Amino acid sequence: MVAAHITINGVDTSLAGATPHTNLLDFLRGRGLTGAKEGCAEGECGACSVLVARPGLTELSEWVAVNACLIPAAALDGQEVVTAEGLGSATAPHPVQREMAVRGGSQCGYCTPGFICSMAAEYYRPDRSTESCDGHGEHGPNGFDLHALSGNLCRCTGYRPIRDAAYAVGTPADDDPFAHRRTEPSPEPVPTVLREEGNTFVRPANLGEALRLLREHPEATVVAGCTDWGVEVNIRARRAEYVLAVDRLPELRGLRVESDHIDIGAALTLTEIERRLAGRVPLLAELFPQFASRLIRNSATLGGNLGTGSPIGDAPPVLLALDATLVLVDADAEREVALADYFTGYRQTVRRPDELIRSIRLPLPLSPLTAFHKIAKRRFDDISSVAVAFALDIDDGVIRKARIGLGGVAATPLRAEETEAALTDRPWSAETVDAAARVLGAEGTPQDDHRASAGYRAAMLGQSLRKLFAETTEAVPS
Ligand SMILES: Cc1cc2nc3c(=O)[nH]c(=O)nc-3n(C[C@H](O)[C@H](O)[C@H](O)COP(=O)(O)OP(=O)(O)OC[C@H]3O[C@@H](n4cnc5c(N)ncnc54)[C@H](O)[C@@H]3O)c2cc1C
Ligand code: FES
Ligand code: FES
């Protein structure tokens, strides 16, 4: 067994003493790097943000900001981490730190190291430029996408000086060591086995080994980006005897566009999918900015969103509307399951314990009219009360095909099949939409909870179809 270690601010640091449940934040702070703070321990505040070197669009590295409170330190074995302390110091501040200081972007300072790391990741984004506005996010004159900070909260400064600092940063100097690091490949994932206090964290080298281990350990907890698992560990004190990390398995990290389908690796992060697809699937492009924050999307995977079987995940309604299938794989074979048949009950699916989600397959061609409506209490970084995704084929004013995915209105995500039937082969008109909106309002079995009442959820369903119609036509239905 090779000793596990992380390169932290350029220093080789042994993982000795870390358990499979020690998160990176506690590990760093335990070694005196107390810049990164614990605010919430559940991915909501960004006080714990740090930088990691990851593969970008090419084999070269990029600096990516992640929530250190959610990621097990063991998951960073062989990787490179940079904290606010590693970026600069009081006498030689990093350009991002200098702008935050001179523009009054820090008061009590609790959130500041986290903001600095998120800002530094955006500072070093290779495709950031004054022309880089892609229609999403809010870009400054320097091409800085303010949504890079969507996962960072500040209680006392007020966001204007922080935004001013973000919009004032320039471009890295020629001798900037972090910019130079991007010209080299990112660290290879290394196979890891960490045993401590009776618990084991394993990162297998390839898919075959992962599936063999999964068969030997049907009790294993599979983890990818750990944005769900980290919350379970921190807030609900969950512990697993055997943790199996699949996030760096090359077989789960491909993205292929074929003539009749697109195959998206289950372990690609949402940020990676967003950048690699570059708007090729408009419904996914609409989903990504509404899914959590940039910090979370830098780790969260589609495999994780579907793996939990949650009825309020945002990907399932979108993937249902896109008619997605899942490729499930075990040690012997693969099988393809329609996402519509995948969920069997509350947090239950057809996936067996010895199977992994290998990829998500989207059939082509895509329906031309699509929309994703996420109804939540906040515009960004919130969990859906209701989520509705539409994919319609309208030809000569007649709806030829309708696919509607729903989340938050039943024990599982589901297709609105009765509404789809009420739309199919009918004119895309105010009358059709109004009748179908009433059918949609009765789909599922919405419940009252702290996010929304059952009545509100049902009302939002019907309203969602009316909104789509209003946005795509002149006429507004009654
Ligand atoms: C602050 C915050 C905000 C969030 N906001 C949103 C949001 O807006 N919308 C939303 O939908 N979710 C949201 N989430 C939930 C979470 O980010 C997503 O569910 C994410 O997609 C999980 O992916 P992951 O890779 O981090 O999963 P992990 O935590 O690593 O794993 C989750 C589960 O999936 C299983 N799993 C992972 N990969 C595979 C695989 N390849 N095969 C089989 N099983 C697998 C694991 O066994 C595990 O049980 C949020 C979470 C946080 C902390
Ligand atoms: S401590 Fe709040 S996001 Fe990590
Ligand atoms: S400066 Fe106090 S929380 Fe941001």
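The values are calculated or read from the model by the stated rules, or taken from the named source; none is laboratory data. Predicted model only: the values in this text are computed from it and were never measured. Ideal geometry is used to build each Cβ from the backbone, glycine not excepted, and the neighbour counts take in all protein chains shown.
Structure notes:
- Failed item in (1) away from ligand 3 (no atom under 16 Å from the Cβ); (2) in contact (Cβ under 8 Å) with a residue 40 or more places away in the chain; (3) not in a helix (DSSP H, G or I), with Asn142 passing the rest: (2)
- Any chance Ala436 is over 19 Å from Phe343 (Cβ atoms), surrounded by fewer than 21 Cβ atoms within 10 Å (Cβ to Cβ) and out of contact with any strand residue (DSSP E or B) (no Cβ under 6 Å at 6 or more places or on another chain): no
- Screening the range 185-219 for residues that are of a type in the set (Gly, Ala, Ser) and touching a residue at least 40 places away in the same chain (Cβ under 8 Å) and picking the one that is farthest from Asp26 (Cα to Cα) gives Gly208.
- The range 274-333 - residue that is charged (D, E, K, R) and within 16 Å of ligand 2 (Cβ to nearest atom) and, of those, nearest to Leu366 (Cα to Cα): Arg297
- Residues located in the range 304-318, provided they are more than 15 Å from Val350 (Cβ to Cβ) and either in contact with a strand residue (DSSP E or B) (Cβ under 8 Å, 6 or more places away or on another chain) or at pLDDT 95 or above (or both): Gly304, Asn305, Pro311, Ile312, Gly313, Asp314, Ala315, Pro317, Val318
- Single match in Val233, Val223 (criterion: away from ligand 2 (no atom under 16 Å from the Cβ) and either of a type in the set (Gly, Ala, Ser) or more than 21 Å from Ser150 (Cα to Cα) (or both)): Val223
- Evaluation of Leu146 against (1) out of contact with any His (no Cβ under 9 Å at 6 or more places or on another chain); (2) over 30 Å from Ser14 (Cα atoms) (one fails), failing number: (1)
- Residues in the range 69-89 that are out of contact with any Leu (no Cβ under 6 Å at 6 or more places or on another chain) and assigned to a strand (DSSP E or B): Pro72, Glu80, Val81.
- The range 42-68 - residue that is assigned to a loop (DSSP other than H, G, I, E, B) and of a type in the set (Asp, Glu) and, of those, nearest to Arg236 (Cα to Cα): Glu42
- Checking each residue of the range 415-428 against the condition of being surrounded by 22 or more Cβ atoms within 10 Å (Cβ to Cβ) and modelled with pLDDT under 95 gives no match.
- If the condition is being part of a loop (DSSP other than H, G, I, E, B) and touching a strand residue (DSSP E or B) at 6+ places or on another chain (Cβ under 9 Å), then the range 411-433 contributes Ala411, Thr412, Pro413, Ala416, Thr424, Asp425, Arg426, Trp428.
- Single residue of the range 42-60 satisfying the filter (among the small types (Gly, Ala, Ser) and within 16 Å of ligand 2 (Cβ to nearest atom)) that is surrounded by the most Cβ atoms within 10 Å (Cβ to Cβ): Ser49
- When restricted to residues that are in a loop (DSSP other than H, G, I, E, B) and within 26 Å of the chain's Cα centre (by Cα), the range 1-17 contains 1.
- Test: residue in the range 90-104 that is part of a strand (DSSP E or B) and away from ligand 2 (no atom under 16 Å from the Cβ): no
- Considering the range 60-112, the residues that are within 16 Å of ligand 3 (Cβ to nearest atom) and polar (S, T, N, Q) include one that is nearest to Val193 (Cα to Cα), namely Thr112.
- Any hit, the range 372-389, residues being crowded, with 19+ Cβ neighbours inside 10 Å and more than 29 Å from the chain's Cα centre (by Cα): no
- Qualifying position, being at pLDDT 95 or above and within 16 Å of ligand 3 (Cβ to nearest atom), among Leu277, Leu284, Leu295: Leu295
- Test for Thr13: is it at pLDDT 95 or above and away from ligand 3 (no atom under 16 Å from the Cβ): yes
- Selection count, the range 255-292, where residues are over 16 Å from the mean Cα position of the chain (by Cα), hydrophobic (A, V, I, L, M, F, W, C) and not in a strand (DSSP E or B): 1
- Taking the criterion of being in contact with a helix residue (DSSP H, G or I) (Cβ under 9 Å, 6 or more places away or on another chain) and in a loop (DSSP other than H, G, I, E, B), the residues of the range 309-339 that qualify are Gly309, Ser310, Gly313, Asp314, Leu322, Asp323, Ala324, Asp330, Ala331, Asp332.
- Selected residue (criterion: nearest to Gly10 (Cα to Cα)) from residues of the range 25-41 that are more than 6 Å from ligand 2 (Cβ to nearest atom), of a type in the set (D, E, K, R) and in a loop (DSSP other than H, G, I, E, B): Arg31
- Pair list, Cβ under 6 Å, 6 or more apart: the range 106-122 residue aromatic (Phe, Trp, Tyr), other residue within 15 Å of ligand 2 (Cβ to nearest atom) and part of a loop (DSSP other than H, G, I, E, B): Tyr110/Lys37; Phe115/Asn152
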